[in-house]
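Novice: I am attaching a structure below and will ask some questions about it afterwards.
The values are calculated or read from the model by the stated rules, or taken from the named source; none is laboratory data. These numbers were taken from a predicted model, which means no experiment stands behind them. All Cβ positions, even for glycine, are placed from backbone atoms using ideal geometry, and neighbour counts span all protein chains on display.
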Amino acid sequence: MLTRRHFVQGSAAATAFAALPGTRVASAAPAALPAHVPPRDFAGALDAMRAIVGRGWVFADELSLLGYHDHFAMKPPEAHAASAAVAPRTVEEIQRILEVARDHGIPVWTISTGRNLGYGGAAPRMAGTLVLDLKRMNRIVEVNEKHAYAVVEPGVSYKDLYAHLQRIGSKLWIDCAAPGWGGVVGNLLDRGVGYTPMGEHFLLQQCGMQVVLSDGTVVDTGLGGQSGTAALHAYRYGHGPWVDGLFTQSNFGVVTRLGVQLMPEPPGYRPYMVTFPDEDAIEPLTEAIRPLKLAQIIPNAATSTELLWEAAVEVRKDQYFDGDGPTPDSARRKIKADLGVGEWNFYGALYGSPETMDATWPIIRDALGAIKGARFFMAEDKKGRPSFEYRARLMRGVPNMTEFGTVAWIPNAGHVGFGPVVPVDGALALAQYRKVRQLTNAAGFDYFGEFIVGWRDMHHIFMPAFTLGDPAEGARLLRLVEALVDDAARDGYGVYRTHLDLMDKVAGSYGWNEGALAKFNGRLKAAIDPAGILAPGKSGIWPAARGQSHE
Amino acid sequence: MNEGAATLMALAVIALSACSGNVPSQSAKAPRAMTGKELYDHWCADCHDAGPGHPGTLRLAGDMGEDNAVLLKRNGLDAETVRYAVRNGFQMMPPFRQTEISDEELDRLAVYMVNRK
């Protein structure tokens with residue numbers, strides 16, 4: 001086994017790596033033991049888990065645990081260091097692992113594919129937590145062509161599901177997040193979004209969960225509560241309270257299987273792009289989009305993307321500007337000219353028969369064409385341009401990694417997500433863009449943002465790139481995103497999803513009526529997970545026994 | 001990792017059923033170990049292939065020059081480097097866990113990448 005130390009000391013390749021600008025050697029945080037668990041007890045618990053899953057599927061050595069760090073961490077790795085990781089293969093193994101965890105008071109953080117980069121990756125919120133890695137649970141249990149759904153386990157990535165559907169000749173489309181290595185289950189449970197007409201994942205796709213509670217009880221939600229039910233993955237509510245939402249962005253259970261409704265391949269598909277040269281165009285653009293989305297004339301989760309996001313999937317910052325700080329206007333003008341993109345770039349698609357698409361296109365063209373400087377592009381106009389082609393793939397559910405170029409913008413970079421939600425309102429979009437960009441540029445970073453219009457709301461996805469391994473820069477970015485959360489709360493914008501480092505702050509921003517919502521979540525936590533072992537701190541929800549101080 | 005476990009990891013996805021009906025209707029084929037090329041195509045190609053739209057290639061072109069940007073065409077790439085980068089991560093690329101790429105798979109991947117040129 002090649003260790004990091006051996007590599008650094010002995011490999012010629014290490015020298016080549018180390019010579020790269022901004023390179024850091026990955027630093028492993030020492031494994032942190034769970035608080036209040038004596039080392040001997042913890043070692044015994046790991047032995048018990050090895051007996052359950054096999055010796056090779058419990059990871060406690062420094063090198064293996066590197067994969068359970070937040071690779072894009074703003075804080076030093078110690079802040080979110082896992083104590084160990086265990087990778088079960090079955091529900092029964094999960095039940096037995098949780099029994100061991102309960103017996104020893106070991107906190108457990110569940111990951112599916114572990115690719116939630118920008119929000120914490122595979123790392124736990126609280127140092128010393130054991131990671132329950134469900135990547136090995138990667139079975140596609142069922143594909144139902146007639147009723148257009150699949151049933152998957154948490155380890156299935158978008159790429160896995162897409163490849164499987166291709167292999168069996170399915171005519172069903174998936175809807176994927178931009179990085180194709182993401183997990184179908186994990187993204188949906190974090191309430192992520194995609195780009196097809198099924199882009200609101202939880203709203204439009206989720207249909208039937210299987211969940212293991214911390215006491216080992218297995219619950220099937222919705223119609224799954226009835227044995228042998230015929231419409232389990234066609235009707236999501238069943239009878240009585242609909243509990244599925246409790247298992248999203250939460251720490252109330254371990255989701256082990258999910259029904260995912262899919263989109264039948266339409267008879268036709270025409271992606272398009274509309275560019276706008278002015279920064280202020282986001283206001284009239286958003287106003288034009290709203291009625292088209294409400295009426296479903298634009299059926300897909302459509303995006304209005306800012307200039308540098310467009311640029312970063314094709315070029316690097318140093319090709320236009322090699323100084324410090326935000327990209328200056330002179331460089332931005334050259335990028336626009338070179339790449340043929342705008343300050344804002346709208347992506348949408350038509351789906352259906354040629355007659356249907358021919359009928360709706362003039363409505364869209366006339367609405368967006370009324371905005372100053374609008375230029376329209378179809379696929380044949382943008383052949384070979386990655387910024388268009390990866391969007392065209394995403395809007396028909398073809399996973400790819402092109403958007404990861406946003407961290408290729410500068411050397412040795414990561415990024416972090418900040419996602420406030422606003423109604424589809426032009427004035428709000430412009431105000432939010434201006435404020436976030438101004439604060440971001442003042443902090444020395446480039447603004448990377450887009451507005452995704454799922455249906456009746458916009459997710460403002462802001463993902464600034466920063467230099468990894470530079471503690472000062474990481475701390476500066478953390479201060480920025482903390483300020484953005486505070487600022488959004490003051491302006492009445494809720495954040496829809498957040499990074500490990502911001503979970504308490506974002507939860508605190510939902511503080512109406514003396515924090516009634518957080519208190520309700522706490523009561524649910526105490527009732528559903530009385531041992532308090534599942535994912536302490538997820539979404540700012542902590543077990544009562546840990547109080548409100550968790551670091 | 002034990003050999004039995006490695007065998008179970010042989011395919012990234014095991015499909016238990018397919019197509020019609022809402023009950024499993026088609027058993028999976030027996031798991032087969034992915035070849036080095038299949039592993040590269042599954043895990044690496046989207047970022048590291050030649051041409052635009054591949055973020056790893058885009059970044060490496062800036063860091064190491066166009067001649068060293070495409071991993072499969074790079075001079076001096078050795079198996080140790082591949083193994084190191086996969087397990088430790090490298091700059092923007094995060095590490096890959098053994099639950100994603102097993103040690104045995106990593107060996108096959110490294111051999112393929114080194115000998116591909």
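Novice: Look at the stretch A:333-363 and say how many of its residues are under 22 Å from A:Pro197 (Cα atoms) and touching a strand residue (DSSP E or B) at 6+ places or on another chain (Cβ under 7 Å).
Specialist: Final tally of qualifying residues: 11.
Novice: Is it true that some residue in the stretch A:408-422 is closer than 21 Å to A:Phe276 by Cα and either of a type in the set (Phe, Trp, Tyr) or surrounded by 19 or more Cβ atoms within 10 Å (Cβ to Cβ) (or both)?
Specialist: No, the stretch A:408-422 has no match at all.
Novice: Within the stretch A:222-229, can one find any residue that is more than 23 Å from B:His42 (Cα to Cα), modelled with pLDDT under 95 and within 12 Å of chain B (Cβ to nearest Cβ)?
Specialist: yes
Novice: Any residue at all in the stretch A:495-511 that's assigned to a strand (DSSP E or B) and of a type outside the set (S, T, N, Q)?
Specialist: Checked the stretch A:495-511: at least one residue is assigned to a strand (DSSP E or B) and of a type outside the set (S, T, N, Q).
Novice: Got a sec? Which strands (runs of 3 or more DSSP E) wholly within the stretch A:222-310 have at least 2 residues that are polar (S, T, N, Q)?
Specialist: A:254-261, A:302-306
Novice: Oh, and also: Select, from A:Gly121, A:Gly155, the only residue that is closer than 20 Å to A:Phe59 by Cβ and at the interface with chain B (Cβ under 7 Å from one of its Cβ atoms).
Specialist: Result: A:Gly121 is the single residue among A:Gly121, A:Gly155 that is closer than 20 Å to A:Phe59 by Cβ and at the interface with chain B (Cβ under 7 Å from one of its Cβ atoms).
Novice: If you don't mind, another one. Please go through the stretch A:480-494 and pick out each residue that is in a helix (DSSP H, G or I) and surrounded by fewer than 17 Cβ atoms within 10 Å (Cβ to Cβ).
Specialist: Hits for the stretch A:480-494 are A:Glu482, A:Ala483, A:Asp486, A:Asp487, A:Arg490, A:Asp491.
Novice: Name the residue that is farthest from A:Gly224 (Cα to Cα), counting only residues in the stretch A:171-202 that are under 16 Å from the mean Cα position of the chain (by Cα), outside any loop (DSSP other than H, G, I, E, B) and away from chain B (no Cβ under 14 Å).
Specialist: A:Val193
Novice: If you go through the stretch A:70-91, how many residues are farther than 12 Å from A:Gly128 by Cα, of a type outside the set (Val, Ile, Thr) and in contact with a helix residue (DSSP H, G or I) (Cβ under 9 Å, 6 or more places away or on another chain)?
Specialist: 9
Novice: Here are A:Leu439, A:Leu468: which of them is away from chain B (no Cβ under 14 Å) and either more than 16 Å from A:Thr305 (Cα to Cα) or among the hydroxyl-bearing types (Ser, Thr, Tyr) (or both)?
Specialist: On inspection, the qualifying residue turns out to be A:Leu439.
Novice: Of everything in the stretch A:103-118, what is within 11 Å of another protein chain (Cβ to nearest Cβ) and closer than 15 Å to A:Val58 by Cα? Give them in sequence order.
Specialist: A:Ile111
Novice: Name the pairs: first residue in the stretch A:528-546 and under 14 Å from A:Asp501 (Cα atoms), second residue of a type in the set (S, T, N, Q) and outside any loop (DSSP other than H, G, I, E, B), Cβ to Cβ under 6 Å, at least 6 apart or on different chains?
Specialist: Pairs that qualify, where the first residue is under 14 Å from A:Asp501 (Cα atoms) and the partner is of a type in the set (S, T, N, Q) and outside any loop (DSSP other than H, G, I, E, B), are A:Ile541/A:Asn521.
Novice: Still on this structure, please answer the following. Would it be correct to say that A:Ala331 is without any contact (Cβ under 8 Å) to a residue 24 or more places away in the chain, in a helix (DSSP H, G or I) and under 21 Å from A:His415 (Cβ atoms)?
Specialist: yes
Novice: Failed condition for A:Phe418, given (1) within 14 Å of chain B (Cβ to nearest Cβ); (2) in contact with a helix residue (DSSP H, G or I) (Cβ under 9 Å, 6 or more places away or on another chain), with all others met?
Specialist: (1)
Novice: Within the stretch A:52-59, can one find any residue that is part of a helix (DSSP H, G or I) and out of contact with any helix residue (DSSP H, G or I) (no Cβ under 7 Å at 6 or more places or on another chain)?
Specialist: Within the stretch A:52-59 (the criterion being part of a helix (DSSP H, G or I) and out of contact with any helix residue (DSSP H, G or I) (no Cβ under 7 Å at 6 or more places or on another chain)), the answer is yes, since at least one residue qualifies.
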